[in-house]
Amino acid sequence: MLKYICKRVLFAVGSLLIITATIFLLLRLMPVEGYLGAAYEKMSPETVQILLEEKGLLDPLHVQLARFYDDLFHGDLGTSWIYRPNVKITTILAPKIPVSLTLGGLAMLLALLLGLPLGVWMSLAKGKWPDKLGTGFIVFINAVPAAVYYLFIQLYGSSAFHVSMLYKAGDVRTWILPIVCMSLGNIAYFAMWMRRFMVDQLGADYVKLAVAKGVPRGKIMSRHVFRNAFVPMIQLLPSSLLLTIMGSIYVESLFSVPGMGGLLIDVIQRQDNTMVQALVLIYACVGILGLLLGDILMSVADPRISLTGKEGAR
Amino acid sequence: MNEPILSVRSLDVRFTLRGRLLRAIRQISLDVYKGESLAIVGESGSGKSVFTKTFMGLLDQNGFIAGGEIFYGGADLAKFKTEAQWRAIRGREIAMVMQDPMTSLNPLKSVGAQITEAVALHSRLSSSAAKGAAISLLADVGITQPERRFHQYPHEFSGGMRQRVVIAIAMACRPKILICDEPTTALDVTIQAQILELIKSLKAKYDLTTIYITHDLGVVANVADRIAVMYAGDIVELGTANEVFYDPRHPYTWALLSSLPQLGVKGEELYTIQGTPPSLFAEVHGDAFAPRNPRALKVDFVARPPWFDITPTHRARTWLLDPRAPKVEPPAHIRKLREEGAKLREK
Amino acid sequence: MSLRLLRNGKAARLGDALSAETERQLATAPDLTPEEAAALDRDLFTFAEYDSEAAERTGYSNYSYWRSTMQLFWKNRTARFLVIFLGLLLLFTFVQPYLPGQYDPNLIHYDENGLIMKNLKPGESGFLFGTNKLGQDLWARIWSGTRTSLFIGFVVALSECVIGISVGVLWGYVRKLDKFFTELYNIVDNVPRTIILILISYILRPSMSTLILSMCFVGWLPMARFIRNQIVIIRDRDYNLASRCLGSSTRKIIFRNLLPYLVSVIMLRVAMAIPTAISDEVFLTYIGLGLPLATPSLGNLIIAGRVLMMTPSLRYQLIFPSVVLSIVTISFYIIGSVFADAADPKNHV
């Protein structure tokens, strides 16, 4: 099993390097002067030249890339030039990350607490009204763009619960709406998959044998069905984590949460390339790590997988 | 003769499927005697599994007993309504071994845990005592190093070993009747004999009554005292193993035995039964096998034949046994069997 | 007999499941009594004619993949309703500009005094949905926006299919390329879809074509993978090995097995791509990477409406496009998922 993990980690690192290079090179496709911000229009060509050289933007691409990797290994994500000129990106990010983590973590927790039981309930009441209602909910969440129903949650939620529409770090009540928004997608996701896995297990032969043994229904549910249905769920956790993180981009901006997601939108609008580069990199990284973690978790949880590696595309 | 341990009277089982009604069991009456080994033979879809599932209340959600009685231990199982009633029977009085050992066991639980679960259900042993019981069960079914194997997972066992585990689970509470639903179909031929021997030895050791459900006549020849031949939800012939093998009377039994490759003559075409079993959605008039029987009588399409006794232990549901029916010679292969049977009796 | 049935709880629940035919069946003829048996006509004990056709009669008729799919799909009431409803809606969307009394979506309306007729409430001065802050007819803008969003969705879906299928076929068929593509897929799959969308839109600057390009880019890969999987499955089936030994080429086999499946896959993708495309578009518009306001789309209508969210009287500018969007996306989604279930051969009778 260790071999498998090592292999996966190596592959993840490799992917990371390739993706980093791709992002870096893609961003260099943009007109180089853009790195200097809107102000560059007013500068003389000579000043522009000097500034570009200073920042190393005129060097050949592979040199720039090498420098970038080097910086990365030293934990330096670069410097912002427009958003907060000449401030190290890592400094800008530092206070924002805990905020995003807290909200994201709470959202995941809420999604698990609501989504899993909903899925179980739906599978047990298959075909009856809880199943139908749940399916309606899932359809709505999946079909209608989150961007749309978040707006309405913000609007009507704030008036219904008498909280401000915007997030304030001190007032926990303002945390509720953003967390609810971030968790909705996952509640639907968990409920849908949990239901599917439960239905699969409920029809399994070993359940029939357990019934034939004389095990009471309740114990069959808790000891066999639910346990077994939960195992494949573990594989979904990283994707759901990703869902939350991507969702946070929009939610944070909407509710003015001073986190990483809101930052991304800000810097896109201000066209600060280095910041966009750094943030995109981080998100890509999170994606890779998440999937890696999921695979490792699965191999731990399912005794059948421990000995063989999973080759090929997922 | 023994007294019957289980008595079925006019059992009628139906299923609702996509809004239509399907008659799976068409009023079967059967006695199972204590300590015997009964084999129920038939094609897929004849209703053999459904029949035995009613003894344990394991019918699918869309199935129900529309009529009849199942007498066991002084109670009528057909009238059971609650889970609690069934749980007193399942495992404790009647146990079942199912076909596919690969999927019968929970892949994420150790084998020992699954046996202990069965043990703990029907006794008040402490967990360590239950574990001990489970380990001795493993030894009973012929698994070596049971203490080590106790902790292993199903996928670490071979097919044959897994079936032994399933048998151990079934025996955990010393049931009186053991139903084996195609216990060897999913196993290699070499393992099949071992498993059958195991069940036989357990039967002897614990004074079990065994019911085998199978389509494999080879298995039947190995284990059965009595044979019940099922077709389209009804028993068409019932008798001791010798009687049914060497002196079959129902055309379907003839056809079944004739299709055994062993009976064929080298170089001849293999015998096959024409056609397919009837759809059980439709009403069946008369003898269900009639449409596939080239030697059917007109009356076979009119009314279901009653039981005709050939010997006190051998009966068949066929109009051919009615005194008014013409004399029909069974196929060549069957005649050969008759001769062999006669020879054996002389010895 | 019927009394016993009613006492049995399950039978009582059967109720409507029993048709008249089966009611009759329940009262089946019991076995003959010995007297009746003795009274049977001697003539009946002669041989009947053997009909080999009757022997085979069990009840399964010929199976057509499409017929089964369409039957299953049509059986679902919601899907049936939505197809008709959506059909009408789409018809209206494209016919709308040609109806009498419709305004151009970008036309700014002035009243008699030369003032811009901005922010008129729905129903005022003949504007069904009111006007926005520039004095443009919201009704016209919403339908124009729906057209744009649908157009984007269709184009993206079809492009995904074309590229995805081509690459997928290549990927699955040519074994040498398998390793390369698989690794490529693994790498790209790791990066969240949203990030790629943002990146491409950011680099290429927002426009209709950028939007379509970025969405296609994230969409063709899962499609290609799916096609590749199908091909590999078919290629490796045992009976195909036998078939190849007999001389029939792999290409023909793949073609024959894949084609009907392929069409339903394409239809499914188109149905599901619309809600996804609209979703992506709204998100990108919010960030500022969407379409310019001169090209109304459901996305920028909603984001523009958001600005006025706080004023209850002006909220209609957010609500109307949201409702239209929700109806469109939910309809496509449900149709898509019912169709997916119907097209799955496992669900065919």
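Every number in this text was worked out from the coordinates using simple rules, so none of it is lab data. Since the structure is predicted, the reported quantities are computational estimates derived from the model, not experimental observations. Please note: Cβ atoms are built from the backbone with ideal geometry, for glycine as well, and neighbour counts cover all protein chains shown.
Note on B:Ser29 and B:Ser10: their simple-model spin labels are 0.9 nm apart, each label 7 Å out from Cα toward Cβ. DSSP assigns beta bridges within chain B; of those with both partners inside it, close to 65 percent run antiparallel. Note: relative contact order over chain B, using C-alpha pairs below 8 Å and six or more positions apart, is 18 percent. Among B:Asp234, B:Asp225, sorting on how many other beta-carbon atoms sit within 10 Å of each Cβ, with the fewest leading, yields B:Asp225, B:Asp234.
Residues in segment A:283-300 carry Karplus couplings, in order, of 5, 4, 4, 4, x, 4, 4, x, 5, 4, 4, x, 4, 5, 4, 4, 5, 6 Hz; the curve used is 6.51 cos²θ - 1.76 cosθ + 1.60 with θ = phi - 60°, and Gly or Pro positions show x.
Taking a ≥ b ≥ c as the square roots of the eigenvalues of the alpha carbon gyration tensor, segment C:302-349 is prolate, as a/c is not under 1.5 and a/b beats b/c. Between segment B:8-35 and segment B:89-146, what's the alpha-carbon centroid distance in Å? So the separation of the two Cα centres works out to 30 Å. Segment C:294-341 to segment A:245-269: how many Å between their Cα centroids? Here the answer is 22 Å between Cα centres.
Hey, with R₀ at 60 Å, roughly what FRET efficiency would C:Val307 and C:Lys252 work out to, going by the Cβ-Cβ distance, to 0.05?
Numbers: r = 59 Å, r/R0 = 0.99.
After rounding, the FRET efficiency stands at 0.50.
Inter-label distance, B:Asp76 to A:Val13: 7.5 nm, where each label sits 7 Å from its Cα along the C-beta direction.
Among the residues of B:101-108, the average count of other protein chain beta-carbon atoms within 10 Å of the residue beta-carbon is 6. Backbone amide hydrogens, once placed in the peptide plane, bring B:Ile310 within less than 5 Å of B:Arg315, B:Ala316, excluding anything fewer than 5 places away on its chain. Amide hydrogen proximity for B:Asp234: with H placed 1.01 Å from N in the peptide plane, the residues at 5 or more positions away or on another chain lying under 5 Å are B:Arg26. Helix B:332-346 against the longest principal axis of chain B: what's the angle in degrees, Cα atoms only, rounded to the nearest 10? It is inclined by approximately 70 degrees. Kindly express, to the nearest 10 degrees and within the range 0 to 90, the angle between helix A:45-54's C-alpha long axis and the longest C-alpha principal axis of chain A. Tilt of helix A:45-54: around 60 degrees. On the basis of the beta-carbon distance and an R0 of 25 Å, B:Asp309 and B:Ser259 show a calculated FRET efficiency of 0.40. Would you calculate the separation in nanometres between label points at B:Phe301 and A:Ala66, each defined as 7 Å from the Cα along the Cα-to-beta-carbon direction? Each label point lies 7 Å from its Cα, and together they span 9.4 nm.
Report the extension gain between A:Asp76 and A:Glu46 in nm, rounded to one decimal, defined as 0.36 nm multiplied by the number of residues separating them, less their alpha carbon distance. Please report the intermediate quantities before stating the final value.
Details: separation 30, 0.36 × 30 = 10.80 nm, distance 2.92 nm.
Going from the current span to full extension adds 7.9 nm.
Using C-alpha pairs under 8 Å with a sequence gap of at least 6, the mean separation divided by the residue count of segment A:97-305 gives a relative contact order of 26 percent. On a 0 to 90° scale, report how tilted helix B:127-140 is relative to the longest principal axis of chain B, with both axes built from alpha carbons and the result rounded to the nearest 10. Approximately 40 degrees, to the nearest 10. DSSP assigns beta bridges within the protein assembly as shown; of those with both partners inside it, close to 65 percent run antiparallel. Which shape class, rounded, prolate or oblate, goes with chain A when its Cα gyration tensor gives a ≥ b ≥ c as root eigenvalues, a/c under 1.5 marks rounded, and past that a/b bigger than b/c marks prolate? Oblate is the answer for chain A, as a/c is 1.5 or above yet b/c matches or exceeds a/b.
Amide hydrogen proximity for B:Val97: with H placed 1.01 Å from N in the peptide plane, the residues at 5 or more positions away or on another chain lying under 5 Å are B:Ile179, B:Cys180, B:Asp181.
The value of relative contact order for segment A:2-87, using C-alpha pairs under 8 Å at least six residues apart, is 25 percent.
For segment B:88-173, trypsin sites (Lys or Arg not before Pro) meeting the loop criterion (DSSP other than H, G, I, E, B) and having at most 12 other Cβ atoms within 10 Å: B:Arg124. Per residue of C:35-48, other chain Cβ atoms within 10 Å of the residue Cβ number 5 on average.
For segment B:223-228, the Karplus equation 6.51 cos²θ - 1.76 cosθ + 1.60, evaluated at θ = phi - 60°, returns couplings of 10, 8, 8, 10, 10, 10 Hz by residue, with Gly and Pro reported as x. Take each residue in C:272-285, count the other chain C-beta atoms within 10 Å of its C-beta, and the mean is 3. Take each peptide in B:151-160, C:307-316, count the other Cβ atoms within 10 Å of every residue, and average; sorted highest first, the result is B:151-160, C:307-316. Hey, with R₀ at 45 Å, roughly what FRET efficiency would C:Val162 and A:His162 work out to, going by the Cβ-Cβ distance, to 0.05? Plugging the Cβ-Cβ distance into 1/(1 + (r/R0)^6) gives 0.30.
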